[in-house]
Amino acid sequence: IPIVSIYSTFIQRSYDILNHDISRTDAHVIFMVDRSGLISGDGSTHQGIYDISITCGLPNFYISMPRSIKQAKELLDKAILTPHPFVIRYPKGKVLLSNDIDNNFTINDYSWEIMLPITSDVCVITYGDDANEFYSGKNIGLVNALFIKPIDFELIEKLSNKKVIVYEEVIKNGSLGSMISEYVLEKKLSIEFKHFAIDDVIVQEGSVTDLKNSCGLNIKEIIEEI
């Protein structure tokens, strides 16, 4: 099974191969996509905010992002057993080894992880290390969408009559949030929807903290607002 290690920003250079040679043939290739999300120290051109919008429209592709080393190992095992193109995104910098809820969740299918009960009036859907940051907001529901594609539509259906907030460090167009909003509209679900992501702008160089602030993605402020 080919395993390709590649920066998120370089996915754009390989689109023709991803589309014609891998998607159309449903080839079993695993992509370890490094530097996903907002990053510092590599310049504006290396922001890892486009790979989801590039790959989510390709048939047969599975897209995922773990929030810990434990989940990363489980996702790699899952990718090996999934005979399709499979993307595993991960960030630049430190990654959580595991936390107290890792022992209660094991990846068996392509379902999402409920980190905080979705019985709350407000539920946040996010993925990667951002899910760990939102975990401090104990008065909210929290879902770790570790599979960005396929989407756990069964769980989405359970969020009717709630306010749903999707948070992600990618551009809005072609993101998880845009796919969820399309589903909500199509199924006419009674969901109040809000999407925190990056608008149609060029993200410049800076620290991750400064970039999140400039893009309206300060998680602590969002939790306080909720």
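The values are calculated or read from the model by the stated rules, or taken from the named source; none is laboratory data. Because the structure is predicted, anything quoted here is derived from the model rather than measured. In this analysis, Cβ positions are derived from the backbone assuming ideal geometry, glycine residues included, and neighbour counts consider all displayed protein chains. Accessible surface is based on the protein model in full, side chains and every heavy atom, while ligands, DNA and RNA are left aside. Shrake-Rupley method; radii C 1.70, N 1.55, O 1.52, S 1.80 Å.
Give the shape of the range 93-179 as rounded, prolate or oblate, defined through the alpha-carbon gyration tensor: a ≥ b ≥ c are the square roots of its eigenvalues, a/c under 1.5 means rounded, and otherwise the shape is prolate if a/b is larger than b/c and oblate if not.
It is rounded, given that a/c, with a ≥ b ≥ c, falls under 1.5.
If R₀ is 25 angstrom, what is the calculated FRET efficiency for the pair Asn218 and Glu157, using the beta carbon separation as r and rounding to 0.05?
My answer for the efficiency is 0.25.
For the chain, what is the charge dipole size about the Cα centre, in debye to the nearest 20, if Lys and Arg each add +1 at the Cβ and Asp and Glu each add -1 at the Cβ?
With Lys and Arg at +1 and Asp and Glu at -1, about 180 debye.
Accessible area per residue for the range 26-147 in Å², computed with a 1.4 Å probe and the full protein assembly in place, what is it?
39
At 7 Å along the Cα-to-beta-carbon direction for both Ser5 and Gln204, put a label point, then send me their distance in nm to one decimal.
Simple spin-label model gives 3.3 nm for this pair.
Loop only by DSSP, 15 or fewer other Cβ within 10 Å of the Cβ. Give me the trypsin sites (Lys or Arg not before Pro) in the range 29-125 that pass, ordered by residue number.
Lys94
Along Cα→Cβ, 7 Å out, is where each label goes; now give me the distance between the ones at Tyr183 and Asn103 in nm to one decimal.
In this crude spin-label approximation the distance works out to 3.1 nm.
Would you work out what percent of the accessible area of the range 127-191, with all protein chains in place, is carbon or sulfur (probe 1.4 Å)?
47
Along the Cα→Cβ direction, 7 angstrom out, place labels at Glu133 and Ser53. What is the inter-label distance in nm?
With each label point 7 Å from Cα toward Cβ, the separation is 2.0 nm.
Charges at C-beta only: +1 for Lys and Arg, -1 for Asp and Glu. How large is the resulting dipole of the range 176-226 about its Cα centre, in Debye rounded to 20?
The calculation lands at about 240 debye.
How large is the charge dipole for the range 93-226, taken about the Cα centre, if only the Cβ atoms of Lys, Arg (+1) and Asp, Glu (-1) carry charge, to the nearest 20 debye?
280
Just name one of His84, Met32, Cys123: the one whose Cα is farthest towards the positive end of the charge dipole of the chain (beta-carbon charges, Lys/Arg +1, Asp/Glu -1).
Projecting each Cα onto the dipole axis, the largest value belongs to His84.
Take the alpha carbon gyration tensor of the range 32-88, find the square roots of its eigenvalues, order them as a ≥ b ≥ c, and report rounded if a/c is under 1.5; if not, report prolate when a/b exceeds b/c, else oblate.
oblate
Across the range 53-65, in residue order, what do the Karplus-derived ³J(HN,Hα) couplings come to in whole Hz, using 6.51 cos²θ - 1.76 cosθ + 1.60 with θ = phi - 60° and x for Gly and Pro?
Along the range 53-65, the couplings run 5, 6, 9, 5, x, 8, x, 6, 7, 10, 10, 9, 8 Hz.
Out of (1) 8, 35, 39, 18, 1; (2) 8, 31, 31, 18, 9, 2, 0; (3) 7, 26, 26, 18, 12, 8, 2, 0, which label holds the value of P(r) over Cα pairs in 10 Å bins from 0, in percent that was computed here?
Only one listed value fits the structure, namely (1).
Out of the DSSP beta bridges found with both residues in the chain, what percent are antiparallel (nearest 5)?
20
Measure up Lys94/Lys187; Lys78/Lys158; Lys78/Lys187; Lys78/Lys220; Lys188/Lys212; Lys70/Lys92 against 27 Å on the Cα-Cα distance and list the ones that go over.
Over 27 Å Cα-Cα: Lys94/Lys187; Lys78/Lys187; Lys78/Lys220; Lys188/Lys212.
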